[in-house]
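As structure tokens, the structure follows; a few thoughts come after it.
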Amino acid sequence: MHEIQAGKGVPPGRVRRSGAGRKSITASDPQLLEALDAMIEGDTRGDPESPLRWVCKSTRAIAG
């Protein structure tokens with residue numbers, strides 16, 4: 001509301017101001033990717049060079 005009353009608008013082509021929004025979860029928890037890799041290690045299939053991971057576990061098995 002303060003921005004509207006002050007007459008400040010967002011830049012053209014944007015919905016929010018730059019920098020607004022949720023930060024990446026890996027920025028708040030840098031060890032997350034390592035923990036996820038450890039949980040699915042041994043149960044992945046496909047090309048090891050590809051960034052796409054195929055996992056042979058259900059989400060319930062990963063969470064448990």
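Quick look at the values:
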| read-out | value |
| --- | --- |
| In nm, spacing of pseudo-spin labels at Met39 and Ile62 (7 Å Cα→C-beta vector) | 0.7 nm |
| Calculated on alpha-carbon atoms, Rg and Dmax of the chain in Å | 20.1, 57 |
| Chain lengthening between Ala27 and Arg53 when straightened (0.36 nm per residue, less Cα-Cα) | 7.2 nm |
| Note, ³J(HN,Hα) from phi for the stretch 25-33, Karplus 6.51, -1.76, 1.60, rounded to Hz, x at Gly and Pro | 5, 6, 6, 8, 9, x, 8, 4, 4 |
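Rule-based calculations on the coordinates, nothing more; no lab input. The shown structure was predicted, so the numbers you read here are calculated from the model rather than taken from an experiment. Neighbour counts run over all protein chains shown; Cβ positions are idealised from the backbone, glycine included.
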